[in-house]
Amino acid sequence: MNNKAPIFGDTVCICRTPLTESLRLAGRRGVVYGETTPSVTGVDVIGGAERDYAIAVNFDGKSESIWFAPDLVEFVDHGAGQEMRVGSRQFVRDANGEWKPADGKKQRDQSMLSRFFRKIRR
């Protein structure tokens, strides 16, 4: 398994285990939509929440994500080309995982994105 910890927007693959096989999730690829502390949020976590940390993975653009223990989620890539809108600003993700303004202009203040990512990590 790759030791790269996946973050918001990364493409991941669900590891093959008896549990993920039985749920027909093994080998599926999805996109990380968030992370949480299950003891605080009370989410159900596939693979358990012994480390009190879970990763939300969205498959095929469905409206709901599935929460996984981190050892069941393997980093694939940063999903270059993804687009995200925060307020009136639009951002595009590059191959290194950086979110860049879609208009190509340098953003002097990254505080908007910093606030956004702090919110989704809660």
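Taking the beta-carbon count within 10 Å as an exposure proxy, list 59, 8, 68 from fewest neighbours to most.
Numbers: 59 14, 8 20, 68 23.
By the 10 Å Cβ count, ascending, the order reads 59, 8, 68.
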How would 60, 103 line up from fewest to most surrounding beta-carbon atoms within 10 angstrom? 60, 103
From the alpha carbon gyration tensor of the stretch 1-92, can you work out the equivalent ellipsoid semi-axes (sqrt of 5 times each eigenvalue) and give them in Å, largest to smallest? 22, 16, 12
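Quick note: the coordinates plus some simple rules give every number you see, no bench work behind them. What you see is a predicted model; the values in this text were computed from it and never measured. All Cβ positions, even for glycine, are placed from backbone atoms using ideal geometry, and neighbour counts span all protein chains on display.
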